[in-house]
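Scroll down for the structure; my scribbles are underneath it.
The values are calculated or read from the model by the stated rules, or taken from the named source; none is laboratory data. Not measured: the values here are computed from a predicted model. Glycine gets a Cβ as well: all are built from the backbone with ideal geometry, and neighbour counts include every protein chain shown.
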Amino acid sequence: MDDRDAGRRMTEARAISALLDGLVDYAGLFPPAALAMPDAVAAYVRHGAGEARAKLGRFVLPVARLDEFVAAIDALPPGTGPGSNAPWRISVLAGATDAPTLQAFDAAQGSRLVIDTVEAKADSIAAVDALGRALGRRYFVYVEIPVRDDPARLVAAIGAAEFRAKIRTGGVVAEAFPAASEVLRFIAACADARVPFKATAGLHHPLRGEYPLTYEPGVARGTMFGFLNVFLAAALLHAGASRERLVDLLEERDPQAFSADDDTIRWRDLTVTTAQVAAARATFVGSFGSCSFDEPVRELSTLHLA
């Protein structure tokens, strides 16, 4: 079943749409999907034309593959690629030394392809400062930081640079997944510093549970976070919910604990309104990178959040 079929089956509450629209940045080039560039570009075209297209965000790629990306787009059938009236917004994984490459790409592509987001890494305040000097305020810059230790000082430095924060919520091995308390601590640090955030890796499923770590047959399983758990927790925190309750939300596996209508999303006895969700998305809750778009959309449709 592709995303068109999933979209037809969804009857989605307006509050859920407010939380999830534009939330999925497509990272099909990355594991565990690891598609070839032409296949990933074709998939992005398909998702962008599908019934679930409102949930689709940016195309994510490494800076070293920008030329390959352009070649794959140029090979698309006429009328199926980006145009001047509907440019593709892309997110590029890059570092401080890549600023000239990014600027040259912008100059060459004009309005057809727009790098509006850069995703970088930093493990120190000095590294955040270096990114600030190199990238300035030309892009939305998400800085991925480690979260095993308290990230508050790094998040504050990211805020001072007028950047955004990024958390890695999983990977292809069980050890790549942080604890729920670490995820909440990161989100809370972002809220305290008024720094928007995004997440990446391990969020293919709407609810927390045990899932295969890759798409290979017979692969090991691991406990993954659900994107609904993570981003509903962030919206509730932004709306003033008690932090003590939200670790339990991050670990919630029961679909019956969630409900939604046009005006609210509820988890057990906690409620966030559509207006509060929209405010969180506008200023705090960014997106998440996923190497699959079909899988999150398909599984979300089975929850019947309407």
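Within segment 182-225, can you find the residues that are assigned to a loop (DSSP other than H, G, I, E, B) and either surrounded by fewer than 18 Cβ atoms within 10 Å (Cβ to Cβ) or β-branched (V, I, T) (or both)? Across segment 182-225, the qualifying residues are R194, V195, T214, Y215, E216, P217, G218, V219, A220. The residues of segment 67-88 include none that are touching a Ser or Thr at 6+ places or on another chain (Cβ under 7 Å) and either crowded, with 17+ Cβ neighbours inside 10 Å or in contact (Cβ under 8 Å) with a residue 40 or more places away in the chain (or both).
Within segment 11-49, the set of residues being polar (S, T, N, Q) and more than 19 Å from G286 (Cβ to Cβ) comprises T11 only. Can you work out which of the residues in segment 267-285 that are in contact (Cβ under 8 Å) with a residue 24 or more places away in the chain, surrounded by fewer than 20 Cβ atoms within 10 Å (Cβ to Cβ) and among the aliphatic types (A, V, I, L, M) is nearest to A54 (Cα to Cα)? Here the answer is A278.
Could you please find all residues in segment 247-262 being in a helix (DSSP H, G or I) and not small (G, A, S)? Selection gives V247, D248, L249, L250, P255, Q256. For the residues S111, S91, the requirement of being at negative phi, touching a residue at least 24 places away in the same chain (Cβ under 8 Å) and assigned to a strand (DSSP E or B) singles out S91. Pairs linking a residue in segment 116-127 that is more than 27 Å from F59 (Cβ to Cβ) to a residue that is of a type in the set (A, V, I, L, M, F, W, C), with Cβ atoms under 7 Å and 6 or more positions apart or on different chains, are I125/L154; I125/A157. Among residues of segment 286-298 that are at pLDDT 95 or above, those with a Cβ under 7 angstrom from a residue that is of a type in the set (K, R), sequence gap 6+ or separate chain, pair up as G286/R164; G286/K198; S287/K198; F288/K198. Pairs meeting the criteria (first residue in segment 239-264 and free of Cβ contacts under 8 Å to residues at least 40 places away in the same chain, second residue surrounded by fewer than 16 Cβ atoms within 10 Å (Cβ to Cβ), beta carbons under 6 Å, at least 6 apart or on different chains) are A257/R268. Just one of the listed residues (L236, L207, L213, L228) is modelled with pLDDT under 95 and under 19 Å from the mean Cα position of the chain (by Cα), and it is L213.
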